[in-house]
Amino acid sequence: MSESQKARPSGDANLIARVRAAARQEQFLEVVSHEEARARFEKHLDLMPLPAETVALAEARMRVLAHDIVAAVDAPPFDRSNVDGFAVRAADTVGASDGNPKVLTLNTEVIACGYSPAAVVVPGTCTAIATGGVIPRGADAVVMIEHTELVDSGPPAVELRRTAAPGQFVSYAGSDIARGETLLRRGTRIGAREIGMLAACGLDRIEVVRRPKVAVLSTGDELVEPGRPLKPAGVYDSNGAIIAAAVAEAGGEPFIFGAYPDDAAVLEKAVREALATNDMVVLSGGTSKGAGDLSHRVVSRLGKPGILVHGVALKPGKPLCLGVIGDKPIAVLPGFPTSAIFTFHAFVAPVIRARAGLPPEAAKTTSALVPIRVASELGRKEFLLVSLIEGEQATIAFPTGKGSGAVTSFSQADGFIEIDALASALDAGSDVQVTLIGSTADAPDLVIMGSHDVALDVVVGALADRGFSARTLAVGSLGGVAAANRGECDIAPVHLIDPASGNYNKHLVGPGLILVPGWRRMQGILFRPGDPRFEGRSAQEALKIILADAAALMVNRNAGAGTRVLIDKLLGGARPPGYANQPKSHNAVAAAIAQNRADWGLAIEPVAKLYGLGFLPVSPEHYDFLVVESRRARPAVQAFLTILREETTRERIRALGMEPAGG
Ligand code: AMP
Ligand code: MG
């Protein structure tokens, strides 16, 4: 072994050392359960609200009340008229009606808002009063001006045409807010309504809990700040933004430190500064396999008690690291966006809420049915993000399934379900409790599940303009067919060729489904502009050339994709280099070619344009809709079908490079 190492040229030895460093992952010393991790972390933390500070009422929105607010005044502050009319003694009005009006002498004052009445309403008299006016001494009711008539002749008097019950149209002092009443409780988050109540009590300064200052740092050589151009192999720092926003939602004050390269010295300096100026530090990245556990090593050098948890039996979120330096919590979240936000909510948000004076978040749950079997890893509690769909019989929780690296899975999910650490799978048809995320909107009017296409957004946009909400879940053509057959969606967009007949989609129509034509998308060969093997040729010519060229690298598509069927037909049994590379979307094919990871592949024309690639047309693909017959009469489905046929829609679809079907 050492012989062979000696024999290695120094450049190779250097490479091997770099590979070892990149692949090194300090073993998780001890992977603990979710509960154990929280207990260890919180044992070292002060979870009492931070001290109070005073803010102006105008700055109080979103802050948390530090103390109960006891009303110092009544609202209204006096007995008040609710209408324009006349303040009367109810006893004087008994028996008044249109046929038998009662006449009362008019007192000489008029009670407008802000006027303190002086005259007493003695028996047989009344006083004109405006809405909001102070009820004068002697009066106990108000008669609306609409039920009175001024007497034309003689001394000023009014005819009443209605009997007034005592208290009619009077709001008594303190009936809204009573002096001495506890108006708002500490721990209440102040919104517009609370601000209104505080102002009505005459408060212009409010004692609120100081917000915990939370530093947010991202690490990774690949990270690029949003707003800057994306460098090759770069990824936008989305964790920094979402964590900072989640900190604010949990009642903290985020300080965005930005993204740092994977350099221990640079990171350590930044983390030390963050700790010095904040109550808490949240890092993301540099904690999972391959990164050399950079963040963890940095945290281990900062002080006592140090790292309390490194490794939690959770999916997503295993590499989570939790520590306390002095009395300040520090969390290193996994870099993958979904893992980062999940572990943030599970471990960090509760601490921020406690310090911010907010009560623990009450988890809202709903029961639902999981329609498909979901495999799960034994030994780790798994959180599965789901979209909720109203099925015929029950609410259905459909796994969103983009994986923990996805940015969109958390934001597009309605909630999550927990799969026990001891379960290896969740069976199809299982009843589950779904913990809802954020404010779950009402069920959508239309559920579309299947293959996604840019022109579909045109139809969905037009639906929204007409007041129909639609939810689209991109589950692929085959996933859409399955969902339509189970009645989980209204419409399934599909584009699958029947290899036997060469026809599109017709073979997918089963009982209870109807096929509605959508549009045609031209499929063709994508290549980098200027490549002489393709430029200026027909698809057939180009194909001949590349099949004879061992250096031409293709990018294929996944089995089950309509495009894959077409590729196999074109290749006629050939297996050119790159055939095994099988991404799942048109965009992935285009990206591989644009970034020089492949030379050619098959995709639709609009995608070629989007990536600035050359295109050699092969044949049109049919993108149609399977409509679930039992749901066809629903207004949203009807609107979808109408919009599909409208000329304005067809124009917009054409502008995207598709050809609408039918006439
Ligand atoms: P790491 O934990 O550093 O090994 O990162 C795991 C994965 O998460 C990699 O694909 C990173 O590119 C990605 N990642 C790490 N930090 C961020 C971030 N701040 N924003 C978006 N993705 C990130
Ligand atoms: Mg990293």
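A short reminder: the numbers here are calculations on the coordinates, not readings from a lab. Just so it is clear, the model here is predicted, and its values are computed rather than measured. So basically every Cβ, Gly included, is an ideal-geometry build from the backbone, and we count neighbours across all protein chains shown.
Between residue 362 and residue 545, what's the calculated FRET efficiency when r is the beta-carbon distance and R0 is 60 Å? Round to 0.05.
0.40
Using the number of other C-beta atoms within 10 angstrom as an exposure proxy, rank 116, 477 with the fewest first.
Values: 116 8, 477 21.
The fewest-first ordering by Cβ neighbours comes to 116, 477.
Suppose each label sits 7 Å from its Cα in the direction of the beta carbon; what would the residue 395-residue 514 distance come out to in nanometres?
A separation of 3.1 nm, rounded to one decimal place.
With the crude spin-label approximation of a point 7 Å out along Cα→Cβ, what separation in nm comes out for residue 118 versus residue 266?
A separation of 8.0 nm, rounded to one decimal place.
Report, to one decimal in Å, the Kirkwood hydrodynamic radius for the stretch 16-163 based on all distinct Cα pairs. All intermediate terms of the calculation are to be shown ahead of the outcome.
Values: mean 1/r = 0.0463 Å⁻¹.
For the stretch 16-163, the Kirkwood estimate is 21.6 Å.
How would 642, 338, 287 line up from fewest to most surrounding beta-carbon atoms within 10 angstrom? Mind showing how you got there, number by number?
Details: 642 13, 338 24, 287 27.
The order, fewest Cβ neighbours first, is 642, 338, 287.
For a footprinting-style exposure proxy, rank 624, 79 by other Cβ within 10 Å, fewest first. All intermediate terms of the calculation are to be shown ahead of the outcome.
Working: 624 22, 79 19.
The order, fewest Cβ neighbours first, is 79, 624.
Compute the helix-to-body angle for 454-465: its Cα long axis versus the longest principal axis of the chain, expressed 0 to 90° and rounded to tens.
10 degrees
Checking the table 269/381; 269/402; 544/609; 43/318 against a 26 Å threshold on Cα-Cα, which pairs fail?
In this structure, 269/381; 269/402 lie more than 26 Å apart at Cα.
Based on the Cα coordinates of the chain, what is the per residue volume of their convex hull in Å³? Mind dumping the intermediate values first?
Values: hull volume 171.9 nm³, N = 663.
Given the Cα convex hull of the chain, per-residue volume reads 259 Å³.
Would you list which aspartates and glutamates come within 18 Å of residue 304, measuring only between C-alpha atoms, while excluding same-chain residues fewer than 8 positions from it?
42, 46, 268, 273, 279, 327
Mind checking the full-extension length gain between residue 204 and residue 150? Use 0.36 nm per residue of separation minus the Cα-Cα distance, one decimal, nm.
Details: separation 54, 0.36 × 54 = 19.44 nm, distance 4.44 nm.
Result: 15.0 nm gained on full extension.
What does the charge count around residue 574 come to, taking other residues whose C-beta lies under 13 Å from its C-beta (Lys +1, Arg +1, Asp -1, Glu -1)? Provide the component values of the computation, followed by the final result.
Numbers: positive: 544, 569, 575; negative: 549, 568.
Net of charged neighbours comes to +1.
Counting only other residues whose beta carbon sits under 13 Å from that of residue 548, what net charge do I get with K and R as +1, D and E as -1? Intermediate results must be reported in sequence, preceding the final value.
Values: positive: 533, 544; negative: 541, 549.
Taking every Cβ under 13 Å from that of residue 548, the sum is 0.
Which value, in debye to the nearest 20, describes the size of the charge dipole of the chain about its Cα centre when Lys and Arg Cβ atoms bear +1, Asp and Glu Cβ atoms bear -1, and nothing else is charged?
Values: 67 positive and 72 negative charges, 438 e Å.
Using Cβ point charges on Lys, Arg, Asp and Glu, the chain gives about 2100 debye.
So how far apart, in nm, are the two label points at residue 159 and residue 46 if each is 7 Å from Cα heading toward Cβ?
7.7 nm
Please compute the length gained on full extension between residue 53 and residue 35, using 0.36 nm multiplied by the number of residues separating them and subtracting their Cα-Cα distance.
Details: separation 18, 0.36 × 18 = 6.48 nm, distance 3.36 nm.
Value of the extension gain: 3.1 nm.
Report the one residue of 566, 432, 322 whose Cα lies farthest in the direction of the positive end of the charge dipole of the chain (charges on C-beta: Lys and Arg +1, Asp and Glu -1; origin at the Cα centre).
566
Could you calculate the contour length gain from residue 632 to residue 408, that is, 0.36 nm times the residue separation minus the distance between their Cα atoms, to one decimal place in nm?
On the way: separation 224, 0.36 × 224 = 80.64 nm, distance 3.01 nm.
Length gained between residue 632 and residue 408: 77.6 nm.
Report, in cubic angstrom per residue, the convex hull volume of the C-alpha atoms of the stretch 362-448.
On the way: hull volume 9.4 nm³, N = 87.
Given the Cα convex hull of the stretch 362-448, per-residue volume reads 108 Å³.
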